[in-house]
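Below you'll find the structure, written out as C-alpha cells, and then a few comments.
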Amino acid sequence: MVLAIAPQSIISILLVILILLFIVLIALYFMGRRLQEKQAAQQPMIEANTMEVSMLIIDKKKLSVKAAVAAGLPEQVEKELPLLSSLFKASHC
C-alpha cells in the first residue's frame, strides 16, 4: 500500500516548517542582542576586578632545599626546615 500525499499538503508542511524556523531565528537574534548588551554592561566591572596572581609551580623533581630556594621557593621554607632534612634531598614522593 503506497501512501499518496498531495503536492499541496507537502508544500503547506514545508511552508509551516519554514515559518517556524524563521520565528526561531528571530527569537535567537533578539535573545543574542539582549545577552550581548548584558555582557557589555558587565565588562567594565570584570576589568575593574581583575588581578594578577603569581603562582608557585612545584615539579616532582628531587632538589636540594638550596636549589629549590634558588628556583623560586620562599626563603622562609629554608629557615623553618629541620637541620637534618636540609642536609638531604627532598623526601621520596
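Computed quantities for the displayed model
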item	result
From phi via Karplus (6.51, -1.76, 1.60), per-residue ³J(HN,Hα) for region 72-77 in Hz, x at Gly/Pro	x, 6, x, 5, 4, 5
Length gained when the stretch K79-Q8 is fully extended (0.36 nm per residue, less Cα-Cα span)	16.7 nm
Extension gain (nm, one decimal) between S54 and A67, 0.36 nm per residue minus Cα-Cα	2.7 nm
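Quick note: the coordinates plus some simple rules give every number you see, no bench work behind them. The shown structure was predicted, so the numbers you read here are calculated from the model rather than taken from an experiment.
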